[in-house]
Amino acid sequence: MKLRYLATVVFLALTTVAAHAQAGVGLYLNPVAIRVGNSVVDSGPFAFLGQNSTSKVFYGFDLGGFYDFFHAGNSVAAGFDVRESDLHADNASLKSFLIGARVTAQPFSRPFKPYLQGSVGIGSTKAPASTVSIRKLGYGIYGGIDYTLQRHVDFRVAEIGYGSLVTASSATVGGGGNIAIPASSLISFSSGLVFRF
């Protein structure tokens, strides 16, 4: 928790500096859908995906921002991204806080800006029939395309991501069980607006 607040304060301080230095700063609050999949069925009382299920789609939002502090001409920029996600499905919840490095390019004459980023952080999951949540280290790799609508507004045409996280299960919450549940794969899709300063 303290790391999340420290990262938020550092990010806000950097956005103030970036506003004066004409660097790339963006903030977004976008809807997101994540398909959580697992190769092993969990039939115990703490099954995150539900009884005898191997996949489920979670819906929610991404709240985050980025700061591009390195620029190579007008075509390539690099920086970092901080995001928090909150998703739910059938009384189960998946929350994450990720920090990562990003690279943006503008190779076309039109205002399309593809980007790629890799992030790591903490994910928290809670099974539908449980009040106990677990926190584990997770990661995500994201790629997307932003389209400039106005000077300070981009349309995030699409962002697709792949990640991994050990989720709540009868093995992780219940203290063992007879089946080892591997980390779940997370495939995400998001679209929305980005506000640049």
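For the reader, a short list of remarks on this structure follows.
- Within the range 33-76, the residues that satisfy the criterion of being touching a residue at least 40 places away in the same chain (Cβ under 8 Å), within 20 Å of the chain's Cα centre (by Cα) and within 25 Å of ALA101 (Cα to Cα) are ALA33, ILE34, ARG35, VAL36, ASP62, GLY65, PHE66, TYR67, ASP68.
- Which listed residue is in contact with a Gly (Cβ under 6 Å, 6 or more places away or on another chain) and surrounded by 21 or more Cβ atoms within 10 Å (Cβ to Cβ), from PHE97, PHE58: PHE97
- Verdict on SER109 being under 27 Å from PHE197 (Cα atoms), of a type in the set (Ser, Thr, Tyr), at pLDDT below 90 and outside any strand (DSSP E or B): yes
- Filter result for the condition that a residue is among the aliphatic types (A, V, I, L, M) and under 16 Å from ASP154 (Cβ atoms), over LEU94, LEU29, LEU87, LEU49: LEU29
- All of VAL153, VAL157, VAL120 fail the test of being exposed (fewer than 15 other Cβ atoms within 10 Å of the Cβ) and free of Cβ contacts under 8 Å to residues at least 24 places away in the same chain, apart from VAL120.
- Matching residues in the range 114-141 - criterion: being among the polar types (S, T, N, Q) and assigned to a strand (DSSP E or B): GLN117, SER119, SER124, THR125, SER133
The values are calculated or read from the model by the stated rules, or taken from the named source; none is laboratory data. Not measured: the values here are computed from a predicted model. Quick reminder, even Gly has a Cβ in these numbers, built from the backbone with ideal geometry, and neighbours come from all protein chains shown.
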